[in-house]
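**Q** Just dropping this structure here.
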Amino acid sequence: MKIPFFIKNIFETKTEGEESWGKVETAGNELKKDVYGKLGRSLFIRLVDSGSCNACENELSALSNPYYDLERFGLKFVASPKHADILFITGCMTRNMLNPVLNAYNNIPEPKFVVTIGDCAGESSIFRESYAVMGPVSKRLSVVMHIDGCPPEPKTIISSLISLFRK
Amino acid sequence: MDESAEKGFEEEIIGKNELRDKTNGIIYGGGYLLGVVALDNLLMSKDRFEIKYFFVSGRRIKSLAFLPGDSFPSLSDICPSAKLYEREIADMFGIMPLNHPDLKPLMLFPENWDAAVHPLRKDYGGVKCIGPDFKRYGEYKYKKVYGDGIFEVPVGPIHAGIIESGHFRFSLRGEPILQLEIRHFWKHRGVEKLCEGKSLSEALKIVSRISGDNSVNITLAYLTAAERILGINVPQKVKHIRVIFAELERLWNNVRDIGFIFMDIGFNLWAQNLFVVLEDILRMNKSVTSHRYMFDIFRIGGISDTAYIDGAKAGDIAGLLEKVKDELKKAEKIVLNSPSVTDRIELAGKINKKTAQELSLCGVCARASGLKRDTRIEIPYLLYGENIKIEPAAFEEGDVFARTRMRIKDAFESIKIITSLCRSLPGLLPEAETAADKEAADAASNTIAAGIFRAGGREAIGNAETSRGNAFFYISTDGEGKIYRLKYIDPSFRNWPAIQYGILGDIIADFPLVNKSMNLSYAGNDL
Ligand code: SF4
């Protein structure tokens, strides 16, 4: 049988490149163990963009590409906050997004956790001084973890999530 | 050099009552609106407010400038693309467009902001407008469609997937969409005000984060304006490298966007295939510039040290692009030859040429609707128009199919440009930077640091073609060379309204597809 291109491609990169495929794989499997062990089942994530530049979203979508394919480790981005265990927030929390973000948070069933992604969402945001920005997110919600980077790379996000579950 | 070349535009001072006639003249002469910029001259010695309308007319940029006092005539009937700019001016400066058909607040939501607040006025203190009690100031009124069996479907601001925030409100009767109202600016970060008072190089960091996936090209538009103000002429080699990065960004954007189109028609295999290619390009970006999205790779007058391309890096880039090209060729074959694909994308989201003209669309959306608009051709910058000649091209249909083919064409064009530049690059730089170059660049950055350049009280514009269309900057400086007013206009700001027309008569299930085929930015639009 002919191997479809994209599968072949993954196998090829297994052996080459500075971010070796194996590392992601091991990290992912560890994550899976943690997720299944601590939560009994898979982990559902709801992402809310509170005023990002879109690069953070790009990295989060990259987590679903065949290189990383987060879903096979039991982590899934879901459409409704009502299905979610964890809220990812990107962006600097603008005035206009403040109410929708709080709304989404309130609709997540307990127990729930907030993780902020990217410098914008943290203390050191370059937009913080603006009249339209209400961040950092931690001023409004209790945040269990902040993932640094502008934007944080997919492998950083994965390894940070591991450390979160180890806590 | 004459003054208009230094500023990048020709200005005509008019009275505000002449505005409509003059605009008519320009539009009938084949020109179109590029953007509108308002200024508050409170700290400078002129009449308080000033408004400039920028048009592309022939191969020049022409501005009509006037002093509005506290109101000015709306152009919305003769030049519909002016509508949004006028609403923005009403919000930000409190100068009222007269006879405007839809004067709702735009960026400052009536729920969240006191109507008396106008942040871009110089006497606005910058106080954050929020009470501890979340006081609601007013209510936003959506356009309503009345009649039997009509219902509304509100979507957003938070969407189902990993997407930016924005609100869409559909009115339907049965399946077909009768009206779509887009309500954006949820992500309004106040970028323009934030840049005021910063030096031209300090603002660079903010500017490159306006819209992350178009960071390179937006920054290039900014640098064009800033370098005009500073009177810096960048060396040929720097231009060379800047164009490589600009095209690289256009390429990965187009690869991703074509992937999105496959995804939204349910052809996941090919979507994922292109996402693999995308990830490969991003990883290469990282190894070449040390950032996957190429943030902060430029400085005024040059390239930052981490992103300097040498012969080896140029070889890497050209090598990967060979592979990308093969994959895109296969994707093109599928787009053109599979009935299951063309069935979905033909006729969906059709924007006809007249609409495109009236809304002054730009970029892929304009080119897919029969308008040959490309900043690289119309307002050449860097190497465009010099070493690089781009053939004006357009498709007539205006549907998703046309936009997909346009993107594929753009991607091939980028690959061609990058490959040829990478080949000629080693000839330009025998070793890394030559001593003379380094000296010139150092001298330039020293003058910037010392603040003793000629930037006091100057103004200039800069344009660049992003993967979405024209990015426009207007910058003016105060006596000390700090930014007095910075206005950025994102291609998405011009193109978003077009979806409201393109989607009419289609079904909601097609909306994600139409939306993705244009793939507009929320962040750049909302600022
Ligand atoms: S942290 Fe950086 S990449 Fe993420 S949204 Fe902010 S500016 Fe963009």
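**Q** Percent relative contact order of chain B, based on C-alpha pairs within less than 8 angstrom and at least six residues apart?
**A** Taking the mean separation of contacting Cα pairs over the length of chain B, I get 18 percent.
**Q** Helix-only mean residue ellipticity at 222 nm, the protein assembly as shown, DSSP H runs n ≥ 4 weighted -39,500 (n - 2.57), per residue, nearest 500. What is it?
**A** Mean residue ellipticity, 222 nm, calculated: -13000 deg cm²/dmol.
**Q** Let me ask something additional. How big is the equivalent ellipsoid of chain B along its three axes, where each semi-axis is √(5λ) from the Cα gyration tensor, reported in whole Å from largest to smallest? Could you put the intermediate results ahead of the total?
**A** On the way: eigenvalues 229, 212, 86 Å².
Its equivalent ellipsoid spans semi-axes of 34, 33, 21 Å.
**Q** For segment B:379-385, take each phi angle, set θ = phi - 60°, evaluate the Karplus expression 6.51 cos²θ - 1.76 cosθ + 1.60, and give the result in whole Hz per residue in order, putting x for glycine and proline.
**A** Residue by residue, segment B:379-385 yields 10, x, 9, 6, 8, 5, x Hz.
**Q** With N set to the residue count of the protein assembly as shown, report its C-alpha Rg divided by 2.2 N^0.38 Å to two decimal places.
**A** 0.93
**Q** Another question, if that's okay. For the protein assembly as shown, what is the charge dipole size about the Cα centre, in debye to the nearest 20, if Lys and Arg each add +1 at the Cβ and Asp and Glu each add -1 at the Cβ? Spell out each step's value before the answer.
**A** Values: 90 positive and 90 negative charges, 197 e Å.
In total the dipole reaches around 940 debye.
**Q** Among the DSSP beta bridges whose two residues both lie in the protein assembly as shown, what percent are antiparallel, rounded to the nearest 5?
**A** Taking every DSSP beta bridge within the protein assembly as shown, about 65 percent pair in antiparallel fashion.
**Q** Let me know the volume per residue of the alpha-carbon convex hull for segment A:44-145, in Å³.
**A** Numbers: hull volume 9.8 nm³, N = 102.
Normalising the Cα hull of segment A:44-145 by residue number yields 96 Å³.
**Q** What's the carbon and sulfur percent of segment B:3-140's accessible surface, probe 1.4 angstrom, rounded to a whole number?
**A** Carbon and sulfur atoms account for 51 percent of the accessible area of segment B:3-140.
**Q** Starting from the coordinates of the alpha-carbon atoms of segment B:3-140, obtain the Kirkwood hydrodynamic radius over all distinct pairs and give the value in Å to one decimal.
**A** 16.2 Å is the Kirkwood radius here.
**Q** So how much accessible surface do A and B hide from each other in total, probe 1.4 Å, in square angstrom to the nearest 100?
**A** Counting both chains, the buried surface is close to 4700 Å².
**Q** Okay, moving on. For segment B:206-315, what is Rg from Cα atoms divided by 2.2 N^0.38 Å, rounded to two decimals?
**A** So the Cα radius of gyration is 1.18 times the expected 2.2 N^0.38 Å.
**Q** How are the Cα pair distances of segment B:304-349 distributed, in percent, across 10 Å bins from 0?
**A** In whole percents, the pair-distance histogram is 22, 28, 21, 17, 12.
**Q** Cα to Cα, under 19 Å, and not fewer than 8 places away if on the same chain: which lysines meet these conditions relative to B:LYS143?
**A** Filter leaves B:LYS83, B:LYS104.
**Q** Continuing with the same structure: Could you give the longest part of chain B that holds none of the chymotrypsin sites (Phe, Trp or Tyr not before Pro) found in DSSP loops with at most 12 neighbouring Cβ atoms within 10 Å? Write down the numbers at each step before the final one.
**A** On the way: sites that count: B:PHE134, B:TYR140, B:TYR146.
Free of exposed loop sites, the longest segment is B:147-527.
**Q** Residue-wise, which Karplus ³J(HN,Hα) couplings in Hz belong to segment B:321-338, taking 6.51 cos²θ - 1.76 cosθ + 1.60, θ = phi - 60°, and x for glycine or proline?
**A** Each residue's phi maps through the Karplus curve to give 5, 4, 5, 4, 4, 4, 5, 5, 4, 5, 4, 4, 4, 5, 4, 7, 10, 9 Hz.
**Q** Keeping all protein chains in place and using 1.4 angstrom, which order do B:VAL207, B:VAL153 fall into by accessible surface area, from largest down?
**A** Greatest to least solvent exposure: B:VAL153, B:VAL207.
**Q** How large is Rg over Rh for segment B:21-81, taking Rg from the Cα atoms and Rh as the Kirkwood inverse mean of 1/r across Cα pairs? Display every interim value, and only then the final one.
**A** Numbers: Rg = 12.6 Å, Rh = 12.5 Å.
For segment B:21-81, the value is 1.01.
**Q** Taking segment B:483-515, which trypsin sites (Lys or Arg not before Pro) meet the DSSP loop condition and have no more than 16 other C-beta atoms within 10 Å?
**A** Answer by residue number: there is no such site.
**Q** Sorted by accessible area with a 1.4 angstrom probe, largest first, how do B:ARG48, B:ARG376 fall?
**A** Working: B:ARG48 70, B:ARG376 10 Å².
Reading off the accessible areas and sorting them downward yields B:ARG48, B:ARG376.
**Q** Where a Cα-Cα gap under 14 Å defines reach, which aspartates and glutamates qualify for B:LYS198, not counting those fewer than 8 residues away within the same chain?
**A** Hits, sequence-local ones excluded: A:GLU129, B:ASP478, B:GLU480.
**Q** If you don't mind, there's one more thing I want to ask. With equal scatterers on the alpha carbons only and no solvent term, can you work out the Debye log10 of I(q)/I(0) for segment B:122-279 at 0.12, 0.14, 0.19 1/Å?
**A** Rounded to two decimals, the profile gives -0.90, -1.06, -1.24.
**Q** Averaged per residue, what accessible area in Å² does the protein assembly as shown show with a 1.4 Å probe, protein chains only?
**A** Accessible surface, normalised per residue, equals 38 Å².
The values are calculated or read from the model by the stated rules, or taken from the named source; none is laboratory data. Treat the numbers as computed from the prediction; the structure is a model and nothing was measured. So basically every Cβ, Gly included, is an ideal-geometry build from the backbone, and we count neighbours across all protein chains shown. Side chains are part of the model used for accessible areas, which takes the heavy atoms of the whole protein and leaves out ligands, DNA and RNA. Shrake-Rupley method; radii C 1.70, N 1.55, O 1.52, S 1.80 Å.
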